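The values are calculated or read from the model by the stated rules, or taken from the named source; none is laboratory data. Quick caveat: nothing in here was measured; it's all calculated off a predicted structure. Methodologically, a virtual Cβ is constructed for each residue, glycine included, from the backbone with ideal geometry; neighbour enumeration extends over all protein chains shown. Surface accessibility is based on the protein's heavy atoms, side chains included, excluding ligands, DNA and RNA. Shrake-Rupley method; radii C 1.70, N 1.55, O 1.52, S 1.80 Å.
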Amino acid sequence: MDYFLTEEQRMMQGLAARIAREKIRPVRAQLDASEQFPWEIMKILAQAGLFGIYIPEAYGGTGGGIFENCLAIEKLGEACIGVGTSFAASGLGAYPILLNGSEELKHKYLPQIASGTRLAAFGLTEPSAGSDVSGIQTKARKDGDHYIINGSKQWITNGGEAEIYSVICLTNPAKGPRGASCIIVEKGTPGFTFGKKEDKLGIRASATRELIFQDCRVPVVNCLGREGTGFITAMKTFDVSRPGVGAQAVGIAAGAFDLALEYACTRRQFSSPVGSFQGLRFMLADMATKIEAARALVYATARYIDTKPKERPTLYSAMSKCFASDVAMEVTTDAVQIFGGYGYMHDYPIEKYMRDAKITQIYEGTNQIQREEMSKTLISGFHSHRSGIARAA
Ligand SMILES: Cc1cc2nc3c(=O)[nH]c(=O)nc-3n(C[C@H](O)[C@H](O)[C@H](O)COP(=O)(O)OP(=O)(O)OC[C@H]3O[C@@H](n4cnc5c(N)ncnc54)[C@H](O)[C@@H]3O)c2cc1C
């Protein structure tokens, strides 16, 4: 499908695709097996200027938007989303600064993130606060011109590897979620340490670690926006980051589909390519249709966010993340099926796509939570429309 990309977008997409093909593909199995963080590839992505695609030029980026970021993430995901998520999570850590940071903080941190010299990360989840983020316990107590942070964050992507962390803490625990603030904590700050690297089903090249805060002193100026706006910042961050998870999912599905198509056309049984049997032909047709539908929704959402930055895209962001990740799970499962027994073996690259796809249905809010958000928005939209009609009558 032609999505009418500009020349610049096409070039940037081509660059990401080339890095994926030449630098990521040859090492993805080894990175997956060894769970090695892909620093070499992060450096290549940094040299290519890809870390700054969604960051305005004033802060060292190239001035693109969420759409350009999605194009790059998708291409990386076609090869290996363990690498792709390490790239994307730096954006997740940067968005709170972009959305709610002071000019001083934007000028201090965004150029470092845009150049890829320092990775970012986003810390919200805690052991007892996953879907219900209002249950967070990490506290930031004011002490003069510093906060003293105590608590922990669980399963943070880029944990231990990133240098800049956007962390949601309670600055006024008595107010519950309205007392949360987003505070930047730098790696190396005394009292800030990391737990062990998690051993995961998929995205094994990425680093997932606990963030541990024990009397960690951080300057008060590191608070993004006013105190008490932490949850709004987190929700606005997800509004712009979730299409990126959708793009990860589209990349995973497209990468798996390419391999499945090739296999279906070359593997022979009953003296014919297995792809000539209707059972697989129809499967391939459905897979391709779902991928294109997911891609179209992700692209439309990303473009909507870029062109209407003042509108809340919550509904569409949730739709694109949820739909594309369900497609990724279905398509990768079917791709393994097309490979038959070979699909079940680590020696073939296809099973990794299925393992990797699963996380897109879980992080940045599970798909059950996305459906909760979508239905809430739809139903409250219905009621406010009806009360508007009643008032007018
Ligand atoms: C590899 C990995 C990387 C991650 N990276 C980050 C990161 O960088 N930063 C960060 O802050 N977090 C991160 N997370 C955390 C992730 O966002 C959470 O795991 C996710 O939000 C779900 O929370 P939970 O795991 O505690 O599940 P729970 O909230 O305990 O949910 C368990 C089950 O119950 C369902 N459920 C819960 N509430 C409802 C409801 N109201 N209605 C219907 N179903 C419901 C869920 O959908 C799920 O199926 C990461 C997680 C993983 C696994």
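Considering only strands (runs of 3 or more DSSP E) fully contained in the range 178-272, which possess at least 2 residues that are within 22 Å of the chain's Cα centre (by Cα)?
Numbers: elements: 180-186, 192-194, 208-219.
Correct list: 180-186, 208-219.
Any idea how many residues of the range 248-275 are more than 22 Å from Gly77 (Cβ to Cβ) and out of contact with any strand residue (DSSP E or B) (no Cβ under 9 Å at 6 or more places or on another chain)? Let's see the steps before the verdict.
Kept after step one, since they are more than 22 Å from Gly77 (Cβ to Cβ), are these residues of the range 248-275: 265-275.
Subsequent filtering for residues that are out of contact with any strand residue (DSSP E or B) (no Cβ under 9 Å at 6 or more places or on another chain) retains 268-273, 275.
Result for the range 248-275: 7.
Is it fair to say Ser152 is closer than 19 Å to Ile97 by Cβ, in contact (Cβ under 8 Å) with a residue 40 or more places away in the chain and in a strand (DSSP E or B)?
Values: closer than 19 Å to Ile97 by Cβ: no; in contact (Cβ under 8 Å) with a residue 40 or more places away in the chain: yes; in a strand (DSSP E or B): yes.
No, not satisfied.
For the range 341-393, what are the residues that are open to solvent by 50 Å² or more (accessible area, probe 1.4 Å), away from the ligand (no atom under 16 Å from the Cβ) and among the β-branched types (Val, Ile, Thr)?
Within the range 341-393, just Ile389 meets the criteria.
Only one of Val250, Val221 is surrounded by 23 or more Cβ atoms within 10 Å (Cβ to Cβ) and of a type in the set (Val, Ile, Thr). Can you tell me which?
On the way: Val221 fails: surrounded by 23 or more Cβ atoms within 10 Å (Cβ to Cβ).
Of the residues listed, the single one that is surrounded by 23 or more Cβ atoms within 10 Å (Cβ to Cβ) and of a type in the set (Val, Ile, Thr) is Val250.
Could we say that Gly275 is assigned to a loop (DSSP other than H, G, I, E, B) and surrounded by fewer than 22 Cβ atoms within 10 Å (Cβ to Cβ) here? Even if it seems obvious, please write down each step before you answer.
Values: assigned to a loop (DSSP other than H, G, I, E, B): no; surrounded by fewer than 22 Cβ atoms within 10 Å (Cβ to Cβ): yes.
It is false that Gly275 is assigned to a loop (DSSP other than H, G, I, E, B) and surrounded by fewer than 22 Cβ atoms within 10 Å (Cβ to Cβ).
Kindly establish whether Arg312 is touching a Lys or Arg at 6+ places or on another chain (Cβ under 9 Å) and open to solvent by 40 Å² or more (accessible area, probe 1.4 Å). Explain how you work it out, then say what you get.
Numbers: touching a Lys or Arg at 6+ places or on another chain (Cβ under 9 Å): yes; open to solvent by 40 Å² or more (accessible area, probe 1.4 Å): yes.
Answer is yes for this residue.
Of (1) part of a helix (DSSP H, G or I); (2) open to solvent by 10 Å² or more (accessible area, probe 1.4 Å); (3) small (Gly, Ala, Ser); (4) in contact with a Pro (Cβ under 7 Å, 6 or more places away or on another chain), Gly63 satisfies all except one. Which?
Result: Gly63 fails condition (1) only.
Criterion first (aliphatic (A, V, I, L, M) and within 13 Å of the ligand (Cβ to nearest atom)) does Ala174 satisfy it?
It is false that Ala174 is aliphatic (A, V, I, L, M) and within 13 Å of the ligand (Cβ to nearest atom).
Among the residues of the range 127-139, which ones are touching a residue at least 12 places away in the same chain (Cβ under 8 Å), more than 6 Å from the ligand (Cβ to nearest atom) and either part of a loop (DSSP other than H, G, I, E, B) or basic (Lys, Arg) (or both)?
Once the filter is applied, which keeps residues that are touching a residue at least 12 places away in the same chain (Cβ under 8 Å), more than 6 Å from the ligand (Cβ to nearest atom) and either part of a loop (DSSP other than H, G, I, E, B) or basic (Lys, Arg) (or both), the range 127-139 yields Pro127, Ile136, Gln137, Thr138, Lys139.
Take the residues in the range 73-126 that are farther than 16 Å from Cys223 by Cα, among the hydroxyl-bearing types (Ser, Thr, Tyr) and within 16 Å of the ligand (Cβ to nearest atom); name whichever of them is surrounded by the most Cβ atoms within 10 Å (Cβ to Cβ).
Here the answer is Thr85.
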